[in-house]
Every structure is written in structure tokens, then in C-alpha cells.
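S.K.: This is the structure I have questions about; it appears just below.
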Amino acid sequence: MSSVQKVRAAHLDVPENKHRRRGSSVGLINLGDTSVPGFSTMKVSASQRDRLEARMRELSAESKSDGAILRKILVAYKELTYRHSWINPFIVLVAIVGTFFFGDQKTTLHAYLEKLLVVSYHIEGTDQYGKGVNDFYFVGFYALFFTFFREFLMCCVLRPLAHFLGVKKAAKVKRFMEQTYSMIYYGLSGPLGLWVMSLTPLWFFETTPFYLDYPHKTHDFYFKVYYLGQAAFWVQQSVVLVLQLEKPRKDFYELILHHIVTIALIWCSYRFHFTWMGLAVYVTMDVSDFFLALSKTLNYLDSPAAGPFFVFFVFVWIYLRHYINIKILWSVLTEFKTVGEWELNWDTQQYKCWISQPIVFGLLFALQLLNAYWLFLIIRILYRYAVGGVAEDDRSDDEDDDEPSETKKDI
């Protein structure tokens, strides 16, 4: 076998007998935001495989000149960063952080980098932070951090873990990696959101404080870091989704709409001081997404607990995504106008008024409609599981259909 053939064999995961996967669909449903692909799980085209083989041939060729050696180093670096997609964002992060901590702190560059790394607008003599344009820099930098964090976990932790746990097929490995990463993120952000909520009068999903103490123009350090960190995560997720690094799923347009609504809610709630309401919505989404990702991961591992856990997940989803969110919607209809001040005043930044009420309700209602669509799909799978009927979810692409075309990057 030639060196090129060996590389191709190492990179391709082709099953001996290709057939459609016919197993339990419990946990398979691709809904919400736990299936967003990244660079390490992107679909690999035939042209990309051809370029891979061309790089391998070039690396295997004899180098007789300095120029050829330099060219080979550049090709090797390109191949390395293709296999380890976390390297480039890591280099950028190290350059920024290193310059900030070890460079001249009196320069304009240092002041600019401080906007990226550190939350701005601390109010002297208090534990509160205001808001401003510097927050965009903070969100942008940590969106880059989440790109690195996701790709590093995928390449160096989750792919080896998948093989260790017996997940072999390339497409299934990718799905496992996506869901396990989602478990890690939501497993951190969900409890953190609940903790931040516990420090406010909102506990446990109280709605009256949304309006009683409005406007919430300042926040403590933990609240602001949590809120902007969530914004950074969603920005990174949205960019990845729009780039279509993987063949779009059947609910691609629903996901696009979901991300548009989510980003709009984040920006509007932050700019117009409805952040306490935003915090409650964040928590309902993150906690339910954690259980969704865990349910799907158990399915990829063929765990006997996948079915019973899916049933438990359904109750969590209905409680958080529907009961709590409908409670918030109802408060917008009933308390938004009657609790606290009701006027539009740009000077005092009082925006709880006749124009903001329909906007807030409209965005939250759009989110609820998307959740209702996904609930329909969940109930359909639950029914099939209960009656022992159809084995797969007909709204999701078959995971093994394009298995031979998937590339498995070596560690």
C-alpha cells in the first residue's frame, strides 16, 4: 500500500456493509442548538479529500532545496491545523493575552486589548458595572475563545473519548462530539445562571421583579460576565451555523430563525435594560438543552438508560421551555404595564412603554412558537418509543447515509 493510500485509509471511516441505521430514535432528535457543527465536525467534500492526498504526496516527496523544505514546512503546518482546528484560534488568543500582560501597559494598544479581555465600565466605589460600546469588544474576543475551546475539546478530548467508549463510525463520532460539547457547556452555564439568579429577587423565576425595579442599567461583576459570556457563545454558534460547515439538517431554517430571535433578544434586553427577564430565559434554555444533549449522547452510546432518560427529558423541556416561558409571556401581557413606571424617556433610559411591550412579547412569542414546533417532534418520538413503533425520526438526516464521505482526523 502506498503512503497516500495509507493516509486515505487512516482518514476515511468506511463501513464494510453500508445500510440505513434502523434503531431506536429516542435521543436522536436534532432540535434546538445542541447539534450546531464546528470546524472539527464539518462535512468533508471530495475536493477536500483530494487536497488532503495532494498534501500527503508533497510531504512524502524528496526535498533537495531550501525552498522545497520551507514549502514542505508550510504544507505540514496546514495539514496539522486541518487535523487540529484549535491551533489557529489558540495562536491568536495567546498573542492577544501575551501582549496584554507582557507589553507596555501605557500604550494605546494595551488600552484596546483591555476592552477585549476585561469587563468595562466599573462604577467607582460600588460593585456595579455599567454598559457601553466596549462590551462589543468583550463579546467578540470571547466568541473567539469559544471557537478555540470547542475545537480543542473536540480534537483532543471528545474524539478520543468517543473511540474509547466504542463509538466508531465517523458520522456517529461527530454527533457524539457535538452533543458532549453541548453537555459540557450547558452543564456549566445552566448552574451558573441559576446561581446568578439566586443573587437577585428573581429566584425562583419570579416575574414581578422584572418590572418593579426597572430599568436595570447596572449589574454586578458576575451578572455582567455571565450575560456577556452567553452573548459571546451565541454569536460563535450563529457564525458557525451561518457558515454551514455541515450539510444543513431538515430544521436548518428553524435553527436560523431561532438564532436570529435569540441574538435579537440578547441585544435588545441588554440595550434596553430588560436583562433580568433575559436571565430567566437564558436559564430555561440552558438547563433544558443540557438534558437534551445528555439524552442524545446516551443514544449514541446505545445506553439502556436512553429511553427512560428521554421520558424524563420531555418533562424537563415542557416545564422550562413552555410552562416557565409562557409564565414570562403572561407577565409581559399583565405586569409589564401595571408594575413599575410606564413611559418612554430616553434621558432616564426608561423604555418600559407602549412600543417596547409588543416588541418584547413578539420576540418571546416567536421563541415559544419554535419551541412548540420542536415539542411536537419530541412528542412524536415519545409516542413511537411508547408504542414500540417506527424506529427513526423522519425529520433528521440518516446518520450513516454519507458515512463513506466522512473524514476522521487523526490525533
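S.K.: Out of SER198, SER269, SER189, which single residue is of a type outside the set (D, E, K, R) and touching a Ser or Thr at 6+ places or on another chain (Cβ under 9 Å)?
M.R.: Among SER198, SER269, SER189, only SER269 is of a type outside the set (D, E, K, R) and touching a Ser or Thr at 6+ places or on another chain (Cβ under 9 Å).
S.K.: Counting only residues that are surrounded by 12 or more Cβ atoms within 10 Å (Cβ to Cβ) and among the aromatic types (Phe, Trp, Tyr), how many does the stretch 78-102 have?
M.R.: Qualifying residue count for the region: 4.
S.K.: Please go through the stretch 349-381 and pick out each residue that is free of Cβ contacts under 8 Å to residues at least 60 places away in the same chain and closer than 16 Å to TYR211 by Cβ.
M.R.: CYS353, TRP354, ILE355, GLN357, PRO358, PHE361
S.K.: It is to be established whether one or more residues within the stretch 165-181 are assigned to a helix (DSSP H, G or I), touching a Pro at 6+ places or on another chain (Cβ under 8 Å) and not polar (S, T, N, Q).
M.R.: Checking the stretch 165-181: at least one residue is assigned to a helix (DSSP H, G or I), touching a Pro at 6+ places or on another chain (Cβ under 8 Å) and not polar (S, T, N, Q).
S.K.: Go through (1) out of contact with any Gly (no Cβ under 7 Å at 6 or more places or on another chain); (2) within 30 Å of GLY340 (Cβ to Cβ); (3) surrounded by fewer than 17 Cβ atoms within 10 Å (Cβ to Cβ) for LEU212 and report which single condition fails.
M.R.: With (1) out of contact with any Gly (no Cβ under 7 Å at 6 or more places or on another chain); (2) within 30 Å of GLY340 (Cβ to Cβ); (3) surrounded by fewer than 17 Cβ atoms within 10 Å (Cβ to Cβ) applied to LEU212, the lone miss is (1).
S.K.: Out of ILE96, ILE87, report the one residue that is closer than 22 Å to PHE141 by Cα and touching a residue at least 24 places away in the same chain (Cβ under 8 Å).
M.R.: Answer to the selection: ILE96.
S.K.: Ok, one more. Tell me, yes or no, whether the stretch 241-254 has at least one residue that is touching a residue at least 40 places away in the same chain (Cβ under 8 Å), in contact with a Gly (Cβ under 9 Å, 6 or more places away or on another chain) and assigned to a helix (DSSP H, G or I).
M.R.: The answer is no, given that none of the residues of the stretch 241-254 is touching a residue at least 40 places away in the same chain (Cβ under 8 Å), in contact with a Gly (Cβ under 9 Å, 6 or more places away or on another chain) and assigned to a helix (DSSP H, G or I).
S.K.: Return the residues of the stretch 301-329 that are crowded, with 23+ Cβ neighbours inside 10 Å and of a type in the set (Phe, Trp, Tyr); say none if nothing qualifies.
M.R.: PHE310, PHE313, TRP317, listed by residue number.
S.K.: Scan the stretch 352-390 residue by residue and report those that are among the hydroxyl-bearing types (Ser, Thr, Tyr) and more than 18 Å from ALA280 (Cβ to Cβ).
M.R.: Correct list: TYR373, TYR383, TYR385.
S.K.: Follow-up. For the list (1) among the small types (Gly, Ala, Ser); (2) over 22 Å from PHE101 (Cβ atoms); (3) within 18 Å of the chain's Cα centre (by Cα), I need the number of the one condition that GLY132 fails.
M.R.: The failed condition is (3).
S.K.: A further question follows. Looking only at the stretch 267-280, which residues are of a type in the set (A, V, I, L, M, F, W, C) and surrounded by fewer than 22 Cβ atoms within 10 Å (Cβ to Cβ)?
M.R.: Passing the criteria: TRP267, CYS268, PHE272.
S.K.: Read through the list (1) part of a helix (DSSP H, G or I); (2) surrounded by 12 or more Cβ atoms within 10 Å (Cβ to Cβ); (3) at pLDDT below 95, then give the number of the only condition that LEU70 fails.
M.R.: Unmet condition: (2).
S.K.: Can I ask one more? When the residues of the stretch 150-180 are narrowed to those that are under 18 Å from the mean Cα position of the chain (by Cα) and free of Cβ contacts under 8 Å to residues at least 40 places away in the same chain, which ends up surrounded by the fewest Cβ atoms within 10 Å (Cβ to Cβ)?
M.R.: Filtering the stretch 150-180 for residues that are under 18 Å from the mean Cα position of the chain (by Cα) and free of Cβ contacts under 8 Å to residues at least 40 places away in the same chain, the one surrounded by the fewest Cβ atoms within 10 Å (Cβ to Cβ) comes out as VAL157.
S.K.: Looking at VAL139 and the list (1) modelled with pLDDT of 95 or more; (2) touching a His at 6+ places or on another chain (Cβ under 8 Å), which single condition is not satisfied?
M.R.: (2)
S.K.: Please enumerate the residues belonging to the stretch 187-209 that are closer than 25 Å to GLY340 by Cα and hydroxyl-bearing (Ser, Thr, Tyr).
M.R.: If the condition is that a residue be closer than 25 Å to GLY340 by Cα and hydroxyl-bearing (Ser, Thr, Tyr), then SER198, THR200, THR207, THR208 are the ones that fit.
S.K.: Could you check how many residues of the stretch 303-362 are more than 31 Å from the chain's Cα centre (by Cα) and not aliphatic (A, V, I, L, M)?
M.R.: The number of residues fulfilling the criteria is 16.
S.K.: Only one of these is touching a Phe, Trp or Tyr at 6+ places or on another chain (Cβ under 6 Å) and either exposed (fewer than 14 other Cβ atoms within 10 Å of the Cβ) or not in a helix (DSSP H, G or I) (or both): GLY132, GLY125. Name it.
M.R.: Result of the check over GLY132, GLY125: GLY132.
The values are calculated or read from the model by the stated rules, or taken from the named source; none is laboratory data. Just so it is clear, the structure is predicted and the values come from calculations on it, not from any experiment. Don't worry about glycine lacking a Cβ; one is built from the backbone with ideal geometry, like all the others, and counts go over all protein chains shown.
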